[in-house]
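The values are calculated or read from the model by the stated rules, or taken from the named source; none is laboratory data. Quick caveat, the model's predicted, so the values are computed rather than measured. Ideal geometry is used to build each Cβ from the backbone, glycine not excepted, and the neighbour counts take in all protein chains shown.
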Amino acid sequence: MRGSKSLIDNIDWMTVGLYLILILAGWLNIYAAVYNEQFESIFDTTQRYGKQLLWIGTAGVIATVILLIDERFFSTFGYLIYGVIILLLVAVLLVGAATKGATSWFEIGGFKIQPSEFSKFATNLALSKYLSTLNIRMKELKTKLTAAAIIGLPAILILLQNDTGSALVYGAFILVLFREGLSGNFLLIGLVTAFLFVITLIFQNDVYQLPFEMELSGGWMLIILLFIIIGLVYYFNRKKKQILLFSAVIFIACSGLVKSVDYVFNNILEPHQSKRINVMLGIEPDPYGAGYNVNQSLIAIGSGGFTGKGYLKGTQTKYDFVPEQSTDFIFCTIGEEWGFIGSFVVVGLFMTLLLRILFLCSRQRSAFARIYGYGVAAIFFFHFMINIGMTIGLAPVIGIPLPFFSYGGSSLWAFTILLFVLIKMDADRLEVL
Amino acid sequence: MKQYESRQFTIGAIFLVVGIIFLIRLFYVQVIDSHYKLDATNNVLRTVVKYPARGLIYDRNGELLVYNEAAYDLMIVPKAIKEDFDTTEFCDLLEIPRAEFKDRFEKAKKYSRYKASIFEKEISARSYAKIQEQLFNYPGFFVQTRTLRTYPKQTAAHMVGYVGEASPKIIEKDKYYKSGDHIGISGIEKQYEQVLRGKRGQEVQMVDVFNRPKGKFQDGAFDTSAVSGSNLILTIDAALQAYGEKLMQNKKGSIVAIDPSTGEILALISMPTYDPNLLVGRERSKNYGKLSQDTLKPLFNRALMAKYPPGSTFKSINALIGLQEQVLTPSMHYSCNRGYSFGGRKMGCHPHPSPVDLEYSIQTSCNAYYCNVFRSIIDHYSTAEEGYNVWRNYVTNFGLGKKTGIDLPNELSGFVPETEYYDRYYVKGRWHSTTILSLAIGQGELGFTPMQMANMVTAIANRGYYITPHIAKEINGRTITEFDSTIVRNETGVEAKYFDEVVEAMYKVVEQGTGTSARIDSLQVCGKTGTVQNPHGDDHSTFIAFAPKENPKIALSVYVENGYWGSRWAAPIAGLLIEQYLRDTITRPAIEQRMLEGNLIGTVPKIVGNAGE
């Protein structure tokens, strides 16, 4: 190791600065969210804000330790860390404590540890290590399958814990695979599938009146529309090779998807999940059931106006109208008390952080560090997108935390580790040959 | 991987697009859309449940039996209660002790800090007027209106039943009910719950921090209005019911009156009764406790649940069975020497001329005659078992020993033993007609409800059949017989021609026999007295009757516990009720007076005279 001076010189202080700002803002908002006249001190450790301060302090220690560890530690022990986490995920299924229907916690003393938070980091390490191996080509089927297995294994174990939200996060790794050469068609197929799924849900229950007293369900109407669109595309490209076969396959795949939506929706998704999706799509207004959280969240954010009601003055917050206020719906407090200005700043901070991470990635010499960096960006992005998206009614209610803002030690530690390992590797980038 | 370097810009673009979409959406939600831009003072939502008014209940003549009165539930939202809340003043207003306030507040907090729960329920309109003026001083409290049952005629308590709060058990079983909902717990209220309850609605209000409603949330997009329950018209004649209850005051027993041509229940009386208004609102549980501890068992619905042996009134049925089985003819004579001797034993009888024929046997209620009739029915078959089964089949065809199917909950089926019962008791093949001879005179193991007895009378009045008795006449303007397929004509298996003799004899009972105290001038009343042996105390007085003889309009059974002979209490009461129903006047005020003054709950007043039966 070189002297600590060079470490301090080489650290990307902008990322560290963003991290500190986000964490401080998060802490102040948790204070506002659970603000209680009885326990006014922000340092009161019987309250969440006091506890969060403890988590922040320990996260600082963890960050420092990471910066002092040799960066080769992470690439060398990537698979080992991954293996240990997988074992923990299995163990939590057997002996874990259940909270709100999910068995994803270890209880040690008074504290609860959630291994699924750390498995994102471990998976990212393992995936980076695998993809940075020499002679790996994304085009090969074996590569795709191995990568899918590395990502899928923890995701399935977390699904078994009944924590669908955390499992979905692993979908974010598709961005990493894309960056490393996965065909853009996969992203496109993902998008088209999601789009068709949503469109079908919205239209399938409609019935269209046709001439001669015929009726057509929304599902069949969509299939006819697909036929016309794909037919037109085929017609204009009919000179191209194999376009007929290609169009036919696409048409059959899309039609199959449309017809299977019902099945997936009713048989594969849990009732509360289907309900949340329906509420988000506005198919089922339900402000007191599944839509309660979102509706209250929108009222809280909307009532903030342009400048907000002022720190600690949010009434929605005070009256506990938004459940999970300090965890999943922490963004409400920001929107209500700081208004659009506050929301803008927070979204801006996250955007800056994400783009800064992309910038860090682009200057890495080692493939491992670069891929790892994209993993960090993808995970942060996914959390950011789903969490804020659900509070403003753009995403279904999936209970995953907003990095650095939501209350919770495991997630804060996990996001800190994710970010500081990248900062460490970035600081040592010049040493990589 | 240089070849994919440009993809970092695609990824960056995806990030930016999502960020920009979020900012646009946030700008829309926070700045442009007033839909969410609720003022900070009135964005507290409150769901007020709109309780439906229960359906009203009328008697057959349109007299209102049950209606609703407004009452108020005081709701609490613990989180909205301010630091400077004046507990003392508030407790004075509500007239509750401070400790009670604390208990309830803690209970509400336990349920939810920000959802409303009931703090004080069913406050009467009068008490509410006072509270209403002050309520705005107490943020965190508001009022929810609902209705409570009122019974203007204070009659027919058992039949109408009562309404209570849905228990956790019911809520778990039936998804419709929520905590705080009312549900019919007994009587008509329970039987026709689905008809009467209506549909709950809700209103989502915005309330400011001073607890003042600020209008509807999203213009009432999530509001639903309550739908009142359907009205119910009963077959009951409220005047007859009330008159019967009056005649039965200070007595235990039961009266059931039915219109034989339709099976409509005209009166269903169980005494002692209680004022149905006692089981309403805040006082209900206290009063219920008192009533359930009363040794006279006022909550027990004798009309449907008490089992009495039919006594001598049952002789008419044995006569009919004998006639149909052709082991008896009207001219058949049997002698009676103060009773009937068999195998060294004797069933006693009172002194009367002998021998007697069928008509006179009913008139004078001769025990020996029916011992002969019963034995010839049973012994007509090769084994007692076979004969008994034939006899039993007729009895059940008269609606006895099984539920009549009346549309009220908790009806009991009464008891006519099966052969297995006697096999167990006396060893199979070792019992004979003489073993069970007490059935001949309506004693022994037989146990029928007053409801079943009245129904049996309708079968006699109709000369061979009865219509399933029922108490609902019209639901929301539709006659019940139009859609209730359980109301049917039930045949007894005894041909009409055999009834003439028995009906004639029953007419004579009232004209010149044991039932003259039920006689009404120029009205052909048919009846039969009975004295029910009671091992626990004084015998019960009973009387069955119908009138007029041709095209009967009313059939009834009267039981007066510990009243001795049927002629003493049951017959005069039956006569008064028939006159009241058919004539709407009382021509024998002396008898009426004696009935009203009669008190059988304390000691039985000694009344001299009256022949036995």
Run down A:L22, A:L67 and say which single residue is part of a helix (DSSP H, G or I), in contact with a Pro (Cβ under 8 Å, 6 or more places away or on another chain) and not β-branched (V, I, T).
A:L22
State all residues of region B:300-334 that are basic (K, R) and not in a loop (DSSP other than H, G, I, E, B); if no residue qualifies, say none.
B:R302, B:K315
Could you list, in sequence order, the residues of region B:228-268 that are β-branched (V, I, T) and under 26 Å from B:T147 (Cα atoms)?
B:I233, B:T235, B:I236
Breaking point among (1) at pLDDT below 75; (2) assigned to a helix (DSSP H, G or I), for A:F121:
(1)
Those residues of region B:3-15 which are among the aliphatic types (A, V, I, L, M) and within 7 Å of chain A (Cβ to nearest Cβ), in sequence order
B:I11
Enumerate the strands (runs of 3 or more DSSP E) found wholly within region B:385-491, keeping only those where 1 or more residues are crowded, with 23+ Cβ neighbours inside 10 Å.
B:465-467, B:472-475
Condition check for A:R356: more than 24 Å from A:Q52 (Cα to Cα), of a type in the set (K, R), more than 10 Å from chain B (Cβ to nearest Cβ) and not in a helix (DSSP H, G or I)
no
Among the listed residues B:K528, B:K508, identify the single one that is among the basic types (K, R), more than 30 Å from B:K297 (Cβ to Cβ) and either at pLDDT 90 or above or touching a helix residue (DSSP H, G or I) at 6+ places or on another chain (Cβ under 9 Å) (or both).
B:K508
Positions within region B:19-55 being buried (at least 19 other Cβ atoms within 10 Å of the Cβ), at pLDDT below 75 and farther than 30 Å from A:M385 by Cα, in sequence order:
B:N42, B:R46
Single residue of region A:282-301 satisfying the filter (more than 13 Å from A:I334 (Cβ to Cβ) and at pLDDT 65 or above) that is surrounded by the fewest Cβ atoms within 10 Å (Cβ to Cβ)
A:Y292
In region A:305-347, how many are within 7 Å of chain B (Cβ to nearest Cβ), within 29 Å of A:S166 (Cβ to Cβ) and at pLDDT 75 or above?
4
Answer yes or no as to whether A:V345 is closer than 21 Å to A:I30 by Cβ, of a type in the set (A, V, I, L, M), assigned to a loop (DSSP other than H, G, I, E, B) and in contact with a helix residue (DSSP H, G or I) (Cβ under 9 Å, 6 or more places away or on another chain).
no
Just for region B:523-534: of the residues that are under 28 Å from the mean Cα position of the chain (by Cα) and in a loop (DSSP other than H, G, I, E, B), which one is surrounded by the most Cβ atoms within 10 Å (Cβ to Cβ)?
B:N534
Residue pairs qualifying under the 7 Å Cβ cut-off, at least six apart or on distinct chains, with the first in region A:44-68 being under 12 Å from A:G408 (Cα atoms) and the second being hydroxyl-bearing (S, T, Y), are A:R48/A:S326; A:R48/A:Y407; A:Y49/A:Y31; A:K51/A:T45; A:Q52/A:Y407; A:L54/A:T45; A:A59/A:T416
Scan region A:208-217 and give yes if some residue there is in contact with a helix residue (DSSP H, G or I) (Cβ under 7 Å, 6 or more places away or on another chain), modelled with pLDDT under 75 and exposed (fewer than 15 other Cβ atoms within 10 Å of the Cβ), otherwise no.
yes
State whether the residues of region A:132-144 include one that is in contact (Cβ under 8 Å) with a residue 24 or more places away in the chain and crowded, with 20+ Cβ neighbours inside 10 Å.
no
Could we say that B:I233 is closer than 30 Å to B:E122 by Cα, β-branched (V, I, T), outside any loop (DSSP other than H, G, I, E, B) and within 19 Å of the chain's Cα centre (by Cα) here?
yes
Among (1) without any contact (Cβ under 8 Å) to a residue 60 or more places away in the chain; (2) crowded, with 20+ Cβ neighbours inside 10 Å; (3) more than 10 Å from chain B (Cβ to nearest Cβ); (4) aliphatic (A, V, I, L, M), there is one condition A:A369 misses while meeting the rest; what is its number?
(1)
Does region A:162-191 hold any residues that are over 19 Å from A:I400 (Cα atoms) and more than 10 Å from chain B (Cβ to nearest Cβ), and which are they?
A:L177, A:S183, A:N185, A:F186, A:L188, A:I189, A:G190, A:L191
Give the residue that is surrounded by the fewest Cβ atoms within 10 Å (Cβ to Cβ), with candidates limited to residues of region B:77-97 that are more than 14 Å from chain A (Cβ to nearest Cβ), within 24 Å of B:G281 (Cβ to Cβ) and of a type outside the set (D, E).
B:P97
For the list (1) at pLDDT 85 or above; (2) on the phi < 0 side of the Ramachandran plot; (3) buried (at least 17 other Cβ atoms within 10 Å of the Cβ), I need the number of the one condition that B:G161 fails.
(2)
If a residue must be within 20 Å of B:Q241 (Cβ to Cβ) and surrounded by fewer than 21 Cβ atoms within 10 Å (Cβ to Cβ), how many such residues does region B:544-579 contain?
1
Considering residues that are touching a helix residue (DSSP H, G or I) at 6+ places or on another chain (Cβ under 7 Å) and not hydrophobic (A, V, I, L, M, F, W, C), the number found within region B:289-303 is 3
Within region A:391-406, is even one residue more than 20 Å from A:I81 (Cα to Cα), part of a helix (DSSP H, G or I) and within 12 Å of another protein chain (Cβ to nearest Cβ)?
yes
